[in-house]
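The values are calculated or read from the model by the stated rules, or taken from the named source; none is laboratory data. Since the model is a prediction, treat every value here as computed from it, not as a measurement. When we count neighbours, we look across all protein chains shown, and the Cβ atoms used for this are built from the backbone with ideal geometry, even at glycine.
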Amino acid sequence: MSYDLDKSLKSLFSYRIANESLIYIPDLSNDFFESQNLGKFPLYESKIYKDDPIIVFFPNQNFHWFEEKESKIIFHQDIISSAFYLLSGWQEIKASKDILGRFLFSDSVFQEISHAYLPYVNVYFEIIASGIEKITKTKVLPKNQNGKLIVSHDIDFIYAPAKYRLKKYLKSLQIFSFYKLAISLIFKRYPQTIFDKIISYSQRFSFQTHFFFLATDKKMARFHNADYRLSDLAIRYMFNKLKNLKIATSLHGSLGTSKVANWLKKEMSFFDNLDQRFHFLYFNSKAFVSIMEEAQVKCDYSIGFNDKIGFRRGIALPFYLFDFEKNKASTVIEMPLAIMDVSLFLSQYMNLSLEEAKQEINKIVSYTQKYNGILVINWHFDSFDEEMYPERIQLFEYILQLFSHKN
Ligand SMILES: [Zn+2]
């Protein structure tokens, strides 16, 4: 693998070979980044930075991150290889236990340390910046470490929770509740009421919000896509309202679109931007980047774990995806997904109570704010059915509150 730094950076940095530049970072990866090592875990250790245990790969025994020597900053740890290992998704190119073959938290290098709440790559950047500050005596780090919340909603099912409730009412002979909900469904008021509730949050709090809609209601094998069509009255109502409020609506790529560029492109053509997130976060970590590049995706929101919250690529900032097919950085920007409602509550995933979920949220939010990251969350449309999922709504409001005076 070759490294070529931008010319303007060369006087500041040197990597692998020490020269006249102010900062030198050693390459300690040897021949690890050869294709036969795809999917493998390299050696790693935790080093302390601001009281937090920060993982570095290919560790040097030296305790310090860097030292000042003859008006130069000499790094002891190879944070460039560490960042590349995490950002590229090198660890993801391997077999998975998941039914759809998706990469799970439990298959990851983070499994041993039990969480992925620390955005390590943000920390590496901060350590480099502190080295620059030391040697140039100029301030480069921002004064306030705030973090930023980005809210997103996948619109998978808009009728499903109501249909489930109807069956429940009928079974327990709650006739009045049954009729009330049935009429609301027949006149399409049910999805509109839920949608209006979701929208009211973005009016009360001023967060960047993003909606992802599926373009098909056709099943893929035994897996569901949408329970609506883009032409449905309820969906047209939502589209108009979102357009008036200038809230982004993008594609939620249906199952299989991560494998066929033309298919993905066709589904994106129903929307007026080139952002997207794959349904079920279903994609093959090696091939999907070149598929997205071919389909001209500008910004992807798919890279998060299903079975756990956290930073799957070790970063809480947008970054360019690495393309393993072409062996180079792609033009696709990733907005890393950190928290999904279902990951916290479903029994096959984290299976938490509301109070336990709040504790986990506190940890990831405090790290995000400490290291000035972005926190992308995904709360599904059907999670806003109050009777079905009161704890999901309470947790959503709890997260908004944690950022309400910071954004
Ligand atoms: Zn989905």
Do we have any residue at all in the stretch 313-322 that's at pLDDT below 95 and not assigned by TED's automatic domain parsing to the domain that holds Ile55? no
Residue under question is Phe211, and the condition is that it be within 16 Å of the ligand (Cβ to nearest atom), within 30 Å of the chain's Cα centre (by Cα) and either at positive phi or not charged (D, E, K, R) (or both); does it hold? yes
Where Ile158 falls short, out of the listed (1) at pLDDT 95 or above; (2) within 16 Å of the ligand (Cβ to nearest atom): (1)
What helices (runs of 4 or more DSSP H), lying completely within the stretch 335-407, carry at least 3 residues that are closer than 21 Å to Ile303 by Cα and at pLDDT 95 or above? 341-345, 354-370
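Determine, yes or no, whether Gln276 is in the same structural domain as Val342 (by TED's automatic domain parsing), within 28 Å of Ile235 (Cβ to Cβ) and within 13 Å of the ligand (Cβ to nearest atom).
yes
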Would you check if Phe324 is surrounded by 20 or more Cβ atoms within 10 Å (Cβ to Cβ), in contact (Cβ under 8 Å) with a residue 60 or more places away in the chain and within 30 Å of Pro191 (Cα to Cα)? no
Looking only at the stretch 144-174, and only at residues there that are part of a loop (DSSP other than H, G, I, E, B) and under 26 Å from the mean Cα position of the chain (by Cα), the one that is surrounded by the fewest Cβ atoms within 10 Å (Cβ to Cβ): Asn144
Across (1) surrounded by 24 or more Cβ atoms within 10 Å (Cβ to Cβ); (2) within 16 Å of the ligand (Cβ to nearest atom); (3) closer than 27 Å to Pro161 by Cβ; (4) not acidic (Asp, Glu), Ile303 clears everything bar (3)
Which residue pairs have Cβ atoms closer than 6 Å, lie 6 or more positions apart in sequence or on different chains, and pair a first residue in the stretch 124-144 that is under 20 Å from Ser81 (Cβ atoms) with a second residue that is β-branched (Val, Ile, Thr) and in a loop (DSSP other than H, G, I, E, B)? Ala129/Val140; Ile132/Val140
Go through the stretch 120-143 residue by residue and tally those that are outside any helix (DSSP H, G or I) and within 23 Å of the chain's Cα centre (by Cα). 0
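Please find, within the stretch 251-273, the residue that is farthest from the ligand (Cβ to nearest atom) out of those that are among the small types (Gly, Ala, Ser) and buried (at least 23 other Cβ atoms within 10 Å of the Cβ).
Ranking the qualifying residues of the stretch 251-273, first place goes to Ser258.
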